[in-house]
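Asks: I have a structure I would like to understand better, so I am pasting it below and will then ask my questions one at a time.
What follows draws every value from the coordinates through simple rules; no lab data is involved. Remember, it's a predicted structure, so these values are computed and weren't measured experimentally. Cβ atoms come from the backbone with ideal geometry, glycine included; neighbour counts cover every protein chain shown.
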Amino acid sequence: MRALLLICTLLLCACATHQQTPSLYDTFSDYESNTNINNIEHSSLNYFSNKLLSKLNLSNPEVTEQLLFKKYMEKKSSNIEAITNNSGCLTINGYDLENMPISFNLKYIKSEPRWLIDEINVSFVNNKEDFSETAKCPNINNN
């Protein structure tokens, strides 16, 4: 009887769904799909850390435009991420509207239940050979 109970318990545990934290790129894709000029001020708390937002005046249209940095990249080429404990770095390489190479280097922090962008760096690089092949955070000390 104990063996049957043990087997049933193991089966139930194996069938239980484990909700996994989305990848940094999945989080970026969510931001990319669900933000626009009409909702960025309201939805910013879903995508950006309090530390980053506390430095900004969200009532200033130029600042809210900057939170829509996603629009600088027309086509994505690659992405690389690295996560350690409660922070992570995401580098997205791609091309702007004029087909010039561009990279986003983003630092994320874990804020249950999601990742939030804590630092942003948009780099206009000289050519695609300058694309990073490793995830980089914007902070100079972490590159």
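Asks: Taking GLU81 as the residue in question, decide whether it is among the acidic types (Asp, Glu) and over 15 Å from TYR25 (Cα atoms).
Replies: No: the conditions fail for GLU81.
Asks: Here is a follow-up. Condition first: in a strand (DSSP E or B) and polar (S, T, N, Q). Now tell me which residues in segment 95-106 satisfy that.
Replies: Once the filter is applied, which keeps residues that are in a strand (DSSP E or B) and polar (S, T, N, Q), segment 95-106 yields SER103, ASN105.
Asks: Quick one: in segment 60-82, of everything that is part of a strand (DSSP E or B) and hydroxyl-bearing (Ser, Thr, Tyr), which residue is farthest from LYS107 (Cα to Cα)?
Replies: SER77
Asks: Mind checking which residues of segment 123-139 are part of a loop (DSSP other than H, G, I, E, B) and of a type outside the set (Lys, Arg)?
Replies: VAL125, ASN126, ASN127, PHE131, SER132, GLU133, THR134, ALA135, CYS137, PRO138, ASN139
Conditions tested, residue by residue: (1) part of a strand (DSSP E or B); (2) acidic (Asp, Glu); (3) in contact with a helix residue (DSSP H, G or I) (Cβ under 7 Å, 6 or more places away or on another chain); (4) surrounded by 12 or more Cβ atoms within 10 Å (Cβ to Cβ).
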| site | (1), (2), (3), (4) |
| --- | --- |
| ASN38 | no, no, no, no |
| LEU52 | no, no, no, yes |
| LEU58 | no, no, yes, yes |
| GLY88 | yes, no, yes, yes |
| ASN93 | yes, no, no, yes |
| TYR108 | yes, no, yes, yes |
| ASN121 | yes, no, no, yes |
